[in-house]
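Below is one structure, written out as structure tokens, with a few remarks after it.
Readers should treat all values here as calculations from the given coordinates under stated rules, not as data from a laboratory. Values in this document were obtained by computation on a predicted structure and should not be read as measured data. Cβ coordinates were reconstructed from backbone atoms using ideal geometry, including for glycine residues, and neighbour counts include every protein chain displayed.
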Amino acid sequence: MKVQVFAVLKDHFDKEFEVHANISNAQELKNFLIQSRPETKNILNNCRFAVDDEFVEMNFKLKIDDTIAIIPPSSGG
Amino acid sequence: MIPLQSYHPVAEDSSNHISAAPLDPVALISLAHHPKAGAIVLFSGEVRDSNLGKQVTHLEYEAHVSMASKMIAAILKEATSRWYLNIAIAQHRTGKLEVGESAVIVVTGSAHRKEAYAANRFIIDKIKHEVPIWKCEYLADGTKEWGGNCNCGVVNGEW
């Protein structure tokens, strides 16, 4: 699956990257990312996850060809 | 009998809510005339030279463009039906912005000013709190700060 990150998360991850681990839902993806970059735990715990331009719950089932966007709290305006 | 037409020249084009090019408040207000609208309100959120006592040299805004466009379109639709707007336009800038540039513009038009003001406030508050757009402040000391002035815990718009 493909992961896209934004804003402050780009200081810790590539803007877009592939994850090949065995991951079945959004929570597992979050846990995987925290494990690989423990310093992002607080940030990731404040983020929402989105697939196909819609926010998803953490139990959302992920498919291998999904692109998951990780959305930090908004700071527009 | 002439049918009533709603007139949302920009709101109809959801690709137009996020702009990498400079925003043009004069062009937007020039679109915002409607025979049923007696009140037009334009809000421009602009880049300040300081935040929390620190000197800001410039800002960069980033967006999840497709998601932000859809969400702004939905916010405009909600405000239009709630306040019977004749005009509802919103554009947010991305990329590097200098002090004094418009980062976001909201234009609302309705029969009377009360609705145009209320809807405009509703739209800008929703955009700030909910739409996936992020600000990075570049400070005079050479450092940068993501999401400065983010009031996401505040939902009633009082800051």
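At-a-glance table
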| read-out | value |
| --- | --- |
| Cβ-based net charge around B:Leu97, under 13 Å, with every Lys or Arg adding one and every Asp or Glu removing one | -3 |
| Neighbour-count order for B:Lys126, A:Lys63, fewest beta carbons within 10 angstrom listed first | A:Lys63, B:Lys126 |
| Lysines whose Cα lies under 20 Å from that of B:Lys96, excluding same-chain neighbours fewer than 8 positions away | A:Lys10, A:Lys15, B:Lys54, B:Lys128, B:Lys135, B:Lys144 |
| A:Phe32-A:Glu16 pseudo-label distance in nm [points 7 Å out on the Cα-to-Cβ vector] | 1.8 |
| Cα gyration tensor shape of the stretch A:2-71, rounded if a/c is under 1.5, else prolate or oblate by comparing a/b with b/c | rounded |
| Extension gain, B:Glu78 back to B:Gln55 (0.36 nm per residue minus Cα-Cα distance, nm) | 4.6 nm |
| Taking chain A and dividing mean pair separation by its residue count, relative contact order in percent (alpha carbons under 8 Å, at least six apart) | 42 |
| Selection from B:Pro132, B:Ala63, B:Pro35, by position along the positive dipole direction of the stretch B:28-159 (Cβ) | B:Pro35 |
| Sorted by Cβ density within 10 Å, fewest first, the residues B:Leu52, A:Leu33, A:Leu44 | B:Leu52, A:Leu44, A:Leu33 |
| Ascending count of other beta-carbon atoms within 10 Å, so fewest first, for A:Met58, A:Met1 | A:Met58, A:Met1 |
| Total charge dipole magnitude, the stretch B:14-143, about the Cα centre, Cβ charges on Lys, Arg, Asp, Glu only, Debye to nearest 20 | 580 |
